[in-house]
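Beneath this line is the structure, given in structure tokens, with notes to follow.
The values are calculated or read from the model by the stated rules, or taken from the named source; none is laboratory data. Small disclaimer: the values here were computed from a predicted structure and weren't measured. A quick note on method: Cβ atoms are made from the backbone with ideal geometry, for glycine too, and the neighbour counts reach across all protein chains shown. Note: accessible area is taken over every heavy atom of the protein model, side chains too, but ligands, DNA and RNA are not part of it. Shrake-Rupley method; radii C 1.70, N 1.55, O 1.52, S 1.80 Å.
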Amino acid sequence: MLKAGVYALLALGIFALVFALLPGRNLGGPQTGATLRGVSLTLYPSRDPGAVWRFQAADVTNDPLKGETHLAGLSNGGRWVKDRQGRPVLDATLAAPDLTIDAQDNLMTSQAKITLVQQCADIELRGNDEQPVRVEQGTGFSAPLTDIDAPSLKGRIPNLQMSFDFVILDAGPSDISSDLDGTETCENGKRVLHKPVATPKNQGDRT
């Protein structure tokens with residue numbers, strides 16, 4: 001379910017659909033749709049009921065015939081989930097030049113940066129003409145090429161599919177490195193550098 005203002009986007013979308021179905025319409029003309037500017041949106045994915053997405057967009061265009069909503073000038077994209085006390089917490093951020101939301105609430109774009117907050121993982125995703133970056137609600141995200149920078153994992157991974165719990169579901173041959181004993185850790189969603197513990201020199205036995 002997508003909310004925009006006081007259901008203005010939905011009302012405009014219904015109007016556009018009715019107008020498209022009126023007799024005498026030239027089906028070879030421009031596509032129908034409705035556009036709003038400067039909109040804050042909230043997405044409640046039916047296939048991921050524990051999550052809520054929030055975005056701000058300079059332009060929002062709805063195409064009722066395709067069942068798609070396109071966001072341009074995107075900012076402040078984020079996925080929110082509830083903690084054990086039922087309070088909403090920011091689980092992930094998403095930055096992209098634009099975004100398309102399909103009828104199943106999946107998100108698609110040409111490239112994106114997702115940050116998994118609790119893992120301090122910065123994930124750069126790049127799509128191509130045949131395969132865009134996708135966020136599959138209830139599953140995770142995927143891209144033809146991905147760069148990961150996290151305290152415990154770094155590298156480049158082709159054909160990555162990953163969950164929002166930082167679990168790799170599928171991947172091609174990868175160039176990655178893992179350092180579980182490194183000096184950088186993730187604490188409360190922030191990267192923390194720890195000084196290496198100095199090993200005391202062996203001074204020998206005292207007599």
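Kindly provide the set of residues from segment 84-135 that are open to solvent by 40 Å² or more (accessible area, probe 1.4 Å) and of a type in the set (D, E), ordered by number.
D98, D122, E124, D129, E130
Open to solvent by 10 Å² or more (accessible area, probe 1.4 Å) and modelled with pLDDT under 95: is that true of P158 in this structure? Give the steps one after another, and end with the answer.
On the way: open to solvent by 10 Å² or more (accessible area, probe 1.4 Å): yes; modelled with pLDDT under 95: no.
When the stated conditions are applied, P158 does not pass them.
Please find, within segment 136-151, the residue that is surrounded by the most Cβ atoms within 10 Å (Cβ to Cβ) out of those that are closer than 17 Å to S178 by Cα and not acidic (D, E). Let's see the steps before the verdict.
At the first step, the residues of segment 136-151 found to be closer than 17 Å to S178 by Cα are 146-151.
When the remaining residues are screened for being not acidic (D, E), the result is 146, 148, 150-151.
Details: T146: 24, I148: 21, A150: 20, P151: 19.
Selected residue: T146.
Regarding V192, is this residue in contact with a Ser or Thr (Cβ under 6 Å, 6 or more places away or on another chain), among the hydrophobic types (A, V, I, L, M, F, W, C) and modelled with pLDDT under 95?
Working: in contact with a Ser or Thr (Cβ under 6 Å, 6 or more places away or on another chain): yes; among the hydrophobic types (A, V, I, L, M, F, W, C): yes; modelled with pLDDT under 95: yes.
The answer is yes for V192.
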